[in-house]
1. Condition first: small (G, A, S) and free of Cβ contacts under 8 Å to residues at least 40 places away in the same chain. Now tell me which residues in the range 10-32 satisfy that.
2. What number of residues within the range 1-14 are more than 11 Å from H64 (Cβ to Cβ) and surrounded by fewer than 20 Cβ atoms within 10 Å (Cβ to Cβ)?
3. How many of the residues in the range 96-130 are under 16 Å from K33 (Cβ atoms) and in a loop (DSSP other than H, G, I, E, B)?
4. Among (1) buried (at least 17 other Cβ atoms within 10 Å of the Cβ); (2) in contact with a Gly (Cβ under 7 Å, 6 or more places away or on another chain), there is one condition L120 misses while meeting the rest; what is its number?
5. Can you tell me how many residues in the range 58-91 are surrounded by 13 or more Cβ atoms within 10 Å (Cβ to Cβ), part of a helix (DSSP H, G or I) and touching a residue at least 24 places away in the same chain (Cβ under 8 Å)?
6. Mind checking which residues of the range 55-85 are under 21 Å from G30 (Cα atoms) and basic (K, R)?
7. Based on what the data block shows, is L52 part of a helix (DSSP H, G or I) and in the same structural domain as T136 (by TED's automatic domain parsing)?
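The values are calculated or read from the model by the stated rules, or taken from the named source; none is laboratory data. Only a predicted model underlies this, so the values are computations on that prediction, with no experimental measurement involved. We place every Cβ from the backbone using ideal geometry, glycine too, and count neighbours over all the protein chains shown.
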Amino acid sequence: MRKFLVVLDESRECLNAMRFAAMRAAHTGGGVKILSVIPPEEFNHWIGVSDLMREEARERIEVHYEVFAKWMRDRQGVDPELKIREGEPVGEILSEIKEDAEIGVLVLGAGNDRKGPGPLVSQLSRNSGSLPVPITVVPGDLTKEQLEAIT
C-alpha cells in the first residue's frame, strides 16, 4: 500500500497537509503515516529534566495526533499511523522515507505569510531532485472545499 507521509508540527499549515494526505489516501486506497520530529535542542538540560521534557513532548504529540487521527478515521475512513523521531527534522524525514518502502509521497504544508513557505518546504524543495519520493506542497490558505476539489 502506498503511504502519504505528512509531518505533524505546531504550524498552522500542518492542518491542510493533514487534510490533503487523508483525502488523497481515501481516494486512492492508500494510507497515511504521520511523522513528528522532536528537535534535539529541546533536551539540552540535565539528564532527569531532559527525560521529563522528552516524555512531555511525546505526550503532546500523541494528543495532537489523536485529534487528526479521529478526523481521518471518522471522515475519510483512513486509519493513520504515528511515528515519533528525535533529531533534525529534515534528516529524520529523509530517514523515515528510506526506512519505509511503502511511503510514496511526502506531503508538506506551506505557510502563506511574509516569512515564506516554512523551513521544511524551503529545505526539502532545494533537494527535491534527489529525493526518493515526490513532494506535494499544500498551500496553507486553501479552503476545505478547494482541498476536496483537488483530491
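1. G29
2. Residues that pass the stated criteria total 4.
3. Selection size over the range 96-130: 3.
4. With respect to (1) buried (at least 17 other Cβ atoms within 10 Å of the Cβ); (2) in contact with a Gly (Cβ under 7 Å, 6 or more places away or on another chain), L120 is out only on (2).
5. Residues meeting the conditions: 11.
6. K70, R73, R75, K83
7. no
Residues are listed down the side, and each one gets a yes or a no for (1) under 12 Å from the mean Cα position of the chain (by Cα); (2) at pLDDT 85 or above:
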residue: E88; (1), (2): no, yes
residue: E96; (1), (2): yes, yes
residue: E99; (1), (2): no, yes
residue: G104; (1), (2): no, yes
residue: G109; (1), (2): yes, yes
residue: N112; (1), (2): no, no
residue: G116; (1), (2): no, no
residue: L120; (1), (2): yes, yes
residue: S128; (1), (2): no, no
